[in-house]
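Asker: Encoded as structure tokens, here's the structure I'll be asking about.
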Amino acid sequence: MAIAALAATAGVLDAKAQPLTLEALSGYSIVSRHEEILDFPNGRSVRQVWNDRVYFSTKGRIFHKFNLDSDHAASGRALEMIGGEQGKLGTFRWGGDGITRQWRNPRGGVGHQSFHITGRGGIYACRLSLERVGMMLTARPISQRCTIVKGNALEAG
């Protein structure tokens with residue numbers, strides 16, 4: 001009986017679910033860590049760790065801070081960006097089920113980083129995806145942790 005009641009409740013919640021909005025995430029942050037191995041055609045492999053923090057401000061702006069630790073010294077970096085600013089690494093834009101940014105590497109390849117967000121009413125979950133087109137490499141994800149927390153995670157340092 002409890003399972004049937006739970007299933008009925010889940011159906012009611014789904015029927016009332018509304019599309020996620022940027023406004024609903026106001027005052028929340030994404031905290032993410034993604035580890036991967038990049039395999040290049042020359043047989044070389046590079047380990048990379050992406051540490052991202054994204055804050056959805058109460059004024060509708062998206063603030064992004066990340067550092068990329070890499071075995072390849074030229075790839076490592078740490079940056080802060082505000083949504084809407086133009087730059088070669090791109091800034092996040094809202095896309096209905098989360099945020100996405102695009103960038104171009106020096107050889108013309110294009111990267112896409114997306115945080116897919118689900119949930120409502122202060123209970124949210126996220127998943128990071130990284131896609132690369134024309135970059136002459138294969139990416140193998142090793143681990144990923146992505147959480148959404150109340151407050152500004154950028155203030156944490």
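Every number here is computed from the coordinates shown, using simple stated rules; none is lab data. Owing to the predicted nature of the structure, the values given are computational and were not obtained by experimental measurement. Here the Cβ is made from the backbone with ideal geometry for all residues, glycine too, and neighbour counts use every protein chain on show.
Asker: Per 0.36 nm of contour for each residue apart, how much would the distance between ARG104 and GLU23 grow if the chain were fully extended, relative to their Cα-Cα spacing?
Answerer: Details: separation 81, 0.36 × 81 = 29.16 nm, distance 2.92 nm.
Residue separation times 0.36 nm, minus the Cα-Cα distance, leaves 26.2 nm.
Asker: Label points 7 Å out from Cα along the Cβ direction at LEU154 and HIS72: separation in nm?
Answerer: With each label placed 7 Å out from Cα toward Cβ, I get 2.8 nm.
Asker: Let me ask something else. Between LEU130 and ASN42, 0.36 nm times their residue separation minus their Cα-Cα distance comes to what?
Answerer: On the way: separation 88, 0.36 × 88 = 31.68 nm, distance 2.18 nm.
Extending this stretch completely gives an extra 29.5 nm.
Asker: One quarter of the convex hull surface, Cα atoms only: what value does that give for region 89-141 in nm²? Working shown, then result.
Answerer: On the way: hull surface 17.4 nm².
The Cα convex hull of region 89-141, projected and averaged over all directions, gives 4.3 nm².
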